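The structure appears below as structure tokens.
The values are calculated or read from the model by the stated rules, or taken from the named source; none is laboratory data. This structure is a prediction, so every number in the text was calculated from the model and none was measured. All Cβ positions, even for glycine, are placed from backbone atoms using ideal geometry, and neighbour counts span all protein chains on display. Each accessible area value is taken on the protein alone, full model and side chains, heavy atoms only, with ligands, DNA and RNA left out. Shrake-Rupley method; radii C 1.70, N 1.55, O 1.52, S 1.80 Å.
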Amino acid sequence: MTAHLGGRRDRDPAGSPTRRWIRRDGHRARHSSWWWSAAVAGLLLYPYLVVAMIGDPDGERVILAGHAVMLLSDLLVLGASVALAVDARLMYDGLRGSMAVAAAVVALQDAPLEVLGMIDRSLSPLAFRLTSGHLVTVLIVVVVIHRGRRAAVPGKYLMVTGVVLGLTASTATLGLHRLVKAYIHDSGVLGTRDPVDIAIMALVGLVLVAIGLQLATSALPGWATARIGVGMLAIFTARLYSTVVDAMTPPPIAVVGVALFSALTATTAASLLRIALEHLDARVTRYAHLAAEAEAEVKQDREVAHEVRSAAAGLAAGARLLASGQIPPGPRRDALEKMVDIEAARLRRTVAAQPGPMTIVDVDAVVSSFVVAQATLGHVVAWTRGGHRVRARHDALAEALGTLVKNAADHAGGQGTTITSRRVGEHVEILVSDDGPGLEPALRERLFSWGSHGRASGGQGIGLHRARRILHEQGGTLELGERPDGGGTTFVIRLPRARGPEED
């Protein structure tokens, strides 16, 4: 998943680059502006402000302030290394992992030298001038960046690697300083009078250019590459200036360059991490959406399977009665055969996910098939024709009624099941009642929730949930009604009324 956030520059209508960056997934992500980097650099220079406020008659405090600024800058770069390490983990990006290691190397190569420079003035130039040790540092960084570009995922121990390499570079700087001071010249640092020193400085600059080219040709966003490139130029220029002027104490101009490098590195790392967190949040939201869709599909499949089992059981019972010869030819057998044909056709449409169109449905025609089916199973349903018509899907109404009638047969013991219909304003209400023991009080609140059923029920808690849903889909409702006598259970189906022929 490397380079998920690799992007392109965006331009406003006037043609100037904006501060927004378009991710490959099409969304916009904001990163901090150059002004934020300047503000952070200004905060790093606060020790100079303190010295200016209290005064510095002998100049010693200015030197300490310079070292303090550079030490704070190193600590800030170390914090940027941690942010980059987290970013690399979130994005599974080997390049960003190598950048985290490189930032830790730079910070820990300089920080010990800053502390030593505060303690021992003879070691002070190591903290702000170019040294032979910097060649070791940039060579380590160029190798780390190169390996990171080729890595599919970040390493396991980014910070540990950065700390070890950074302390190694710091130790190498001190060791080379002692060798140069002992065998070449007394200063122990690079100068502009020795051709070898000039060659080392030039080589450091060339390696920095190579690092910049590696980042520029990588999947890193263009704005991030530009910031890091400007930061590297700032710190190299600052150290080169200190070397050219042969400074033995930290020049304020050079200190400003170090602070700018640290600020650009830190704000770039923070922006990359923030964008990674936004990307992670979007990814989590997408996965949650996919999980919800999958759950909905599973529920839909279970609902269909539940209805198929119920309808198939009724069809099997009707077919057995017809095949057994127990029902002689006549109106009752004709009604049973018609019911089997109607339910078989509805079952085929249910399996094929063909709900059928909204149409005008004769309530009596739908109810009659259930009355016949239940009678053949020994469940007598009292029913009086109402002559009502509703706007609905025939199969949906038949399924909902079938669920209610079957529940009355299963859970009420077939005691006094009654179906009635009545007109209420511009709606028709179909009431399915029984004289059973009624519902458990705790079940009434969650009756239509998925998976809810009574303790004594052997059902799955799917039928009523599905019945209410498919009625809602066609502008109807399914509610639990109230019995005046307080016994049994009543369900009320409410659907839009269709005009009768006499009204038309």
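Miscellaneous remarks
Okay, residues lined up against (1) polar (S, T, N, Q); (2) in contact with a Leu (Cβ under 8 Å, 6 or more places away or on another chain):
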residue	(1), (2)
Leu174	no, yes
Val180	no, no
Thr192	yes, no
Ala210	no, no
Ser218	yes, yes
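- Within the range 162-178, not a single residue is surrounded by 13 or more Cβ atoms within 10 Å (Cβ to Cβ), more than 23 Å from Thr243 (Cα to Cα), in contact with a Lys or Arg (Cβ under 9 Å, 6 or more places away or on another chain) and not hydroxyl-bearing (Ser, Thr, Tyr).
- The range 446-504: number of residues that are modelled with pLDDT of 80 or more, within 38 Å of the chain's Cα centre (by Cα) and not in a loop (DSSP other than H, G, I, E, B): 12
- Test result for Leu71, open to solvent by less than 40 Å² (accessible area, probe 1.4 Å) and either in a helix (DSSP H, G or I) or in contact with an Asp or Glu (Cβ under 7 Å, 6 or more places away or on another chain) (or both): no
- Selected residue (criterion: modelled with the lowest pLDDT) from residues of the range 20-42 that are surrounded by 13 or more Cβ atoms within 10 Å (Cβ to Cβ) and in a helix (DSSP H, G or I): Trp34
- Close pairs from the range 120-137: first farther than 14 Å from Pro252 by Cα, partner basic (Lys, Arg) and open to solvent by less than 20 Å² (accessible area, probe 1.4 Å), Cβ under 6 Å, at least 6 apart: Leu130/Arg239
- Set Leu213, Leu220: member being touching a residue at least 24 places away in the same chain (Cβ under 8 Å) and of a type outside the set (Ser, Thr, Tyr): Leu220
- The condition (being touching a residue at least 24 places away in the same chain (Cβ under 8 Å) and assigned to a helix (DSSP H, G or I)) is satisfied by just one residue among Val143, Val106, Val160: Val106.
- Checking the stated criteria, Thr249 turns out not to satisfy the condition of being hydroxyl-bearing (Ser, Thr, Tyr) and in a helix (DSSP H, G or I).
- Qualifying residue in the range 121-138 (condition: over 20 Å from Leu190 (Cα atoms), out of contact with any helix residue (DSSP H, G or I) (no Cβ under 6 Å at 6 or more places or on another chain) and open to solvent by 30 Å² or more (accessible area, probe 1.4 Å)): no
- The residues on offer are Val204, Val230, Val298, and the sole one that is without any contact (Cβ under 8 Å) to a residue 24 or more places away in the chain and either under 30 Å from Arg468 (Cα atoms) or part of a helix (DSSP H, G or I) (or both) is Val298.
- Out of Arg239, Arg286, sole residue that is without any contact (Cβ under 8 Å) to a residue 40 or more places away in the chain and either basic (Lys, Arg) or touching a strand residue (DSSP E or B) at 6+ places or on another chain (Cβ under 6 Å) (or both): Arg286
- Some residue of the range 260-275 being surrounded by 18 or more Cβ atoms within 10 Å (Cβ to Cβ), farther than 20 Å from Val204 by Cβ and more than 29 Å from the chain's Cα centre (by Cα): yes
- Scanning the range 427-435 turns up no residue that is modelled with pLDDT under 70, more than 41 Å from the chain's Cα centre (by Cα) and open to solvent by less than 20 Å² (accessible area, probe 1.4 Å).
- Residues that are surrounded by fewer than 22 Cβ atoms within 10 Å (Cβ to Cβ) and within 20 Å of the chain's Cα centre (by Cα) were ranked within the range 84-116; the one that is nearest to Val163 (Cα to Cα) is Val86.
Here's the yes/no breakdown for (1) buried (at least 17 other Cβ atoms within 10 Å of the Cβ); (2) under 46 Å from the mean Cα position of the chain (by Cα):
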{"residue": "Leu190", "(1), (2)": "yes, no"}
{"residue": "Leu206", "(1), (2)": "no, yes"}
{"residue": "Ala216", "(1), (2)": "no, yes"}
{"residue": "Pro221", "(1), (2)": "yes, yes"}
{"residue": "Arg227", "(1), (2)": "yes, yes"}
{"residue": "Arg239", "(1), (2)": "yes, yes"}
{"residue": "Met248", "(1), (2)": "no, no"}
{"residue": "Ala254", "(1), (2)": "yes, yes"}
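- In the condition set (1) at pLDDT below 80; (2) exposed (fewer than 14 other Cβ atoms within 10 Å of the Cβ), Arg302 is compliant with all but (2).
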